[in-house]
Amino acid sequence: MTNKLITPTRRTVLTGMAAGGALLATGLTPRFAQAQSSEPIKLGFQLHRTGIGAAYGRWYERTATAALKVVNDAGGINGRPVEILFEDDGTDPARGAEVFGKLATQSNCDLVFGALFSHVVIGTAPRAAELKVPYLVCSEGHHVASGMLNRWTLQPGITDVKSQVQGMAPFVTQNLGKKVAMIFPDFAFGHDHRDYFSAAVAAQGGEVIAQIAIPPTETTFTRYFPQIPAETEVIYHVMVGPAVLTFVKELGEFYGTGARPQLFGFMDSLEAVDIASPGLEFLDGSHFWEAHPRYKQADASEAETFYRTAVGVDDNGAAANDPADVATYSHMFSTWETLFIIKAAMEASGYQGAADRQKFVEALEAMTDFAEGAEHPQGAKTFNGKTHQAFGIQSISKVEGGKLVRVHQTTLEDGQYPDEVDYTTQSF
């Protein structure tokens with residue numbers, strides 16, 4: 001079923017706009033200018049509404065909805081209003097390809113964006129190339145920058161795992177330990193962590209001494225923990241899906257109050273979970289990677305304040321109207337930022353309709369930098385048009401008193417790596 005978005009109120013957005021005045025400084029006006037066509041620009045959104053990605057999908061939809069309200073209040077794109085059509089892909093690769101085709105051919109969307117889970121992206125990308133429709137993913141896998149996909153598939157609004165772990169590894173080996181046991185989901189996203197974190201640790205003089213792969217649909221985890229070697233100094237964990245709370249609770253029960261290795265987790269293991277939940281006390285003092293810190297930090301920018309207000313998220317990273325509804329804050333900014341990148345590329349290419357899809361891709365490939373601000377609240381980014389991949393900053397946060405406090409932030413340079421592909425040499 002196709003669902004057009006339900007937007008936040010104008011009052012909510014304008015409250016945040018006072019802090020995010022940079023967005024209006026672009027010269028946009030809150031009305032639609034005269035355009036060659038008065039028809040709305042239609043953007044398809046491949047949504048994980050159900051399946052193991054449902055928690056992410058719920059917040060991806062809210063975030064994209066809020067961003068769209070800001071875009072339309074500021075004049076739309078090329079003087080035209082913008083619509084988003086959401087379609088549930090069930091977090092399933094086969095269904096993802098079907099949803100993409102439906103959005104592109106039946107709903108006549110100008111492009112499709114939004115997918116997070118890597119197996120869905122990999123299963124859908126060939127369909128984008130077949131139909132010659134831009135596919136802007138909000139994932140983290142290295143599949144785009146590795147050259148696995150195609151010229152129609154781009155990841156401009158979020159960094160990839162290879163970049164993330166390269167930036168994180170020095171902190172882990174210098175502060176927590178050099179003998180690492182990894183626990184990760186047994187699919188493409190987890191395999192990226194396995195491969196690239198192992199390499200990054202080795203480059204820092206450390207060693208991954210155990211790699212424990214767990215099916216992403218697993219519901220209990222205790223039987224895997226005896227595989228952690230006794231000499232382990234750091235447990236590196238990254239889990240996904242509806243059982244993440246069970247995972248971290250069972251990990252704590254396994255070690256109890258006795259000695260245990262240091263813990264370094266990717267926030268995926270606790271996305272949409274209240275870190276102050278009963279049974280998670282053992283996490284106090286442990287560290288997490290965050291792309292976008294869930295708890296509002298003391299040095300938060302005006303753009304960050306604006307973004308939280310527009311999406312409806314409080315200072316603790318939960319829904320402003322329901323403190324029990326915890327956001328997938330470390331990932332969902334990607335849908336916000338990707339929408340503003342779509343806007344910029346459509347305006348740079350003079351986009352008017354389907355005949356300009358190639359121009360849109362070429363315009364995006366020519367972009368190099370995205371400045372921190374209301375359009376990019378997570379932080380400044382560089383974009384590599386050859387590899388179709390964005391690079392940005394990462395945060396390491398420490399659990400202190402049931403909250404996450406940022407203790408380290410990487411630089412843009414920390415996550416850079418040599419090109420593995422040049423999509424611009426490929427034909428459309």
If Ala115 satisfies all but one of (1) out of contact with any Leu (no Cβ under 7 Å at 6 or more places or on another chain); (2) aliphatic (A, V, I, L, M); (3) part of a helix (DSSP H, G or I), what's the number of the condition it fails? (3)
Counted residues in the range 142-188 being touching a Gly at 6+ places or on another chain (Cβ under 9 Å), of a type in the set (S, T, N, Q) and part of a loop (DSSP other than H, G, I, E, B) come to 1
Hey, could you check the range 384-401 for residues that are out of contact with any Asp or Glu (no Cβ under 6 Å at 6 or more places or on another chain) and open to solvent by 20 Å² or more (accessible area, probe 1.4 Å) and say which is farthest from Glu362 (Cα to Cα)? Gly401
Exactly one condition in (1) assigned by TED's automatic domain parsing to the domain that holds Asn175; (2) in contact (Cβ under 8 Å) with a residue 40 or more places away in the chain; (3) open to solvent by 10 Å² or more (accessible area, probe 1.4 Å) is false for Pro323; which is it? (2)
Check on Pro242, open to solvent by 80 Å² or more (accessible area, probe 1.4 Å), outside the structural domain of Ala54 (by TED's automatic domain parsing) and modelled with pLDDT of 95 or more: no
With Asp356, Asp422, Asp414 as the choices, which residue is without any contact (Cβ under 8 Å) to a residue 24 or more places away in the chain and surrounded by fewer than 19 Cβ atoms within 10 Å (Cβ to Cβ)? Asp356
Sole miss for Gly350 among (1) small (Gly, Ala, Ser); (2) farther than 21 Å from Ala128 by Cβ; (3) more than 21 Å from the chain's Cα centre (by Cα); (4) open to solvent by less than 30 Å² (accessible area, probe 1.4 Å) is condition (4)
Test Ala344 against the criterion of being open to solvent by 20 Å² or more (accessible area, probe 1.4 Å), part of a helix (DSSP H, G or I) and among the hydrophobic types (A, V, I, L, M, F, W, C), and give yes or no. yes
Can you report the number of residues in the range 308-355 which are among the β-branched types (Val, Ile, Thr) and farther than 19 Å from Ala374 by Cβ? 2
Subset of the range 183-215, residues open to solvent by 30 Å² or more (accessible area, probe 1.4 Å) and either within 17 Å of Ala243 (Cα to Cα) or without any contact (Cβ under 8 Å) to a residue 24 or more places away in the chain (or both), comes to Asp186, His191, Arg194, Asp195, Ala199, Ala202, Ala213, Pro215
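The values are calculated or read from the model by the stated rules, or taken from the named source; none is laboratory data. Keep in mind the model is a prediction, meaning the values are calculated, not measured. Every residue, glycine among them, receives a Cβ derived from its backbone with ideal geometry; neighbour counts consider all protein chains shown. Ligands, DNA and RNA are stripped out before the accessible areas are found, and what is left, the full protein with its side chains, is counted by its heavy atoms. Shrake-Rupley method; radii C 1.70, N 1.55, O 1.52, S 1.80 Å.
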